[in-house]
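Right, one structure below, let's go through it.
What follows is calculated from the coordinates using simple rules that are stated; it is not laboratory data. Just so you know, these numbers come straight off a predicted model, no measurement behind them. FYI the Cβ positions are ideal-geometry reconstructions off the backbone, even for glycines, and counts take in every protein chain you see.
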Amino acid sequence: MKTAIQVATSSVLGLALMALTLFWPAGTIHYWQAWVFFGMFVGLSVIFTAYTAIRNPEVLRRRMNAGPQHESRPVQKVVSTGVCWRSLPYLSSRRSIIGSAGPMCRRHWCSSGT
């Protein structure tokens, strides 16, 4: 039961953060490409999580305890921390999908389907 609550909490917070990073830079929720991406991500995540919970709950418990603080080897802690910090600037760079969507949609360069 504890794992189910942890999975639900983590999923809701993670999806809220993803929605924020997709739609806030765009300045609109009328961004169909983001909705397609978000829908595919949610659908595949639900399928994987349900399958893993049914077939191998221990794997799901281990996956919920991920990150630098849960690594046992010092090298893995450094690598895990580096990957997390290295990916942050990409989210806001103009070369990323997330960073470039905002200016395009605010200037009405992307079609909103209306």
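Cβ-Cβ under 7 Å, sequence separation 6+ or interchain: first residue in the stretch 1-30 and without any contact (Cβ under 8 Å) to a residue 60 or more places away in the chain and small (Gly, Ala, Ser), partner surrounded by 11 or more Cβ atoms within 10 Å (Cβ to Cβ) and assigned to a helix (DSSP H, G or I). Which pairs?
These pairs meet every condition: 10/64; 19/38.
Give the stretch 43-62 a look and list any residue that's closer than 22 Å to residue 19 by Cα and in contact with a Ser or Thr (Cβ under 9 Å, 6 or more places away or on another chain), or say none.
Step one: filter the stretch 43-62 for residues closer than 22 Å to residue 19 by Cα, giving 43-50.
Once the filter is applied, which keeps residues that are closer than 22 Å to residue 19 by Cα and in contact with a Ser or Thr (Cβ under 9 Å, 6 or more places away or on another chain), the stretch 43-62 yields 45, 46, 49.
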